[in-house]
1. Based on the Cβ-Cβ distance from residue 217 to residue 244, what FRET efficiency comes out when R0 is 35 Å, to the nearest 0.05?
2. Counting Lys +1, Arg +1, Asp -1, Glu -1, what net charge surrounds residue 259 among other residues with beta carbon under 9 Å of its beta carbon?
3. Residues of region 146-186 with amide nitrogen under 17 Å from the 7 Å Cα-to-Cβ point of residue 226?
4. Nothing charged except the Cβ atoms of Lys and Arg (+1) and of Asp and Glu (-1): what's the magnitude of the dipole of region 226-291 about its Cα centre? Round to the nearest 20 debye.
5. Can you find, among 277, 232, 261, the residue farthest towards the positive end of the dipole of region 226-291? Put +1 on the C-beta of Lys and Arg, -1 on that of Asp and Glu.
6. FRET efficiency for residue 295 and residue 70, Cβ-Cβ distance as r, R0 = 51 Å, nearest 0.05?
7. Please report 62, 225 as a ranked list, fewest other C-beta atoms within 10 angstrom at the top and most at the bottom.
8. Tell me, what is the FRET efficiency for residue 139 and residue 63 to the nearest 0.05, using R0 = 35 angstrom and their Cβ-Cβ distance as r?
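Nothing in this text is a laboratory measurement; each read-out follows from the coordinates by a stated rule. What you see is a predicted model, and the numbers here were worked out from it, not measured in a lab. Counting neighbours? That spans all protein chains shown, and the Cβs are built from the backbone with ideal geometry, glycine included.
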Amino acid sequence: MEFIQEYGLFLAKAATAAIAALLVLSVAAGMLARSRERRPDRLQVKRLNDRYERMEKTVRRVVERRRGRLERLRDWATRRAARGSRADSTEADANRPARQEPATSDTETEGPTAGKDKGERPRVYVLRFVGDIRASSVESLREEITAILTLARPQQDRAVVCLESPGGLVPSYGLAAAQLARLREAGMDLTIAVDRVAASGGYMMAAVGHRIVAAPFAVLGSIGVVAQIPNFHRWLSRNDIDVELLTAGEYKRTLTMLGENTDEGRRKFREQLEEAHELFKTFLARYRPHLDLDQVATGEHWYGEQARALGLADELRTSDDLLLELTRDADVFELTYHRPQTLGRRITFAMESMLERVLRSQSPETRV
């Protein structure tokens with residue numbers, strides 16, 4: 001009995017120490033998170049011309065070194081052949097032209113932008129957008145576009161958005177497309193480059209561009225609206241579980257996961273899907289009026305070659321080829337907006353996402 005009491009006391013002390021340690025760690029983590037949250041958001045700007053110039057110099061250095069070796073071998077062979085004739089050796093050595101060293105001092109400084117007046121050159125601003133179902137990158141996109149518009153020169157500067165997205169929630173991608181429209185409204189030429197996929201909501205964003213450049217096997221299209229929701233009503237009924245759903249408004253809830261869905265609710269929800277689809281097509285008609293919407297707005301997707309034939313894309317090439325060409329005549333800047341993601345913010349975001357999914361479980365998601 002005494003042993004049990006001592007063991008219980010030991011466990012109590014150990015539990016107290018563990019709780020104290022957890023409290024200390026929690027306070028330290030909270031202080032660290034707050035200090036990081038006080039760090040300002042950061043906008044990073046890189047001049048892509050410099051990157052390509054460094055790549056060119058690296059390749060040129062190796063090529064010139066190889067060429068220098070070949071020239072030295074040829075010189076050695078010439079000297080050896082000259083020694084075979086003693087009578088002509090002196091004259092051959094005197095008349096042999098001096099070997100020319102590779103002109104690296106000038107050529108190495110010649111990059112894609114060399115020899116031009118950089119003050120008068122147009123500017124190209126590059127943005128990158130990788131989309132998930134919530135279009136989470138729109139938070140950075142809006143800041144990057146705002147930064148561009150503080151300095152952009154209408155009718156002179158251009159923007160290129162390297163886009164990759166299979167689509168997602170209607171309001172999220174509607175906002176992302178509206179952000180890109182700000183560049184057009186500011187008088188900037190906007191090119192959308194698609195290397196892999198711009199489908200559904202992703203294509204909604206791409207359509208805002210004056211020109212869509214796609215890789216040969218990039219996926220484009222999927223112009224449609226979809227929603228799906230499981231229903232557990234029959235399983236709950238078999239287990240004598242009731243679900244009470246109270247609403248104010250005839251169509252506050254059309255379809256639900258837990259309650260019994262009605263034909264009227266299904267009909268109303270189909271109407272809402274059709275309305276979203278019509279809005280999608282109206283949006284496309286505004287920015288790409290040449291599209292045959294009856295042919296392409298069927299929910300199907302196409303690859304780059306097919307997409308260009310249908311008018312969904314304007315040119316077949318990769319974003320790498322496009323940017324490299326632009327650096328020859330313009331100063332190209334890539335903007336990236338970094339928002340610090342602390343541990344506390346990540347946990348909060350995960351909890352908010354979980355809560356949002358629970359709240360949305362009573363109504364289906366509408367996606368483009």
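1. It comes out at approximately 0.10.
2. -1
3. The answer is 165-171, 173, whose backbone nitrogens lie closer than 17 Å to the label point.
4. Computed charge dipole of region 226-291: roughly 420 debye.
5. Final value for the positive-end residue is 277.
6. The calculated FRET efficiency here is 0.30.
7. 62, 225
8. Working from the Cβ atoms, E equals 0.20.
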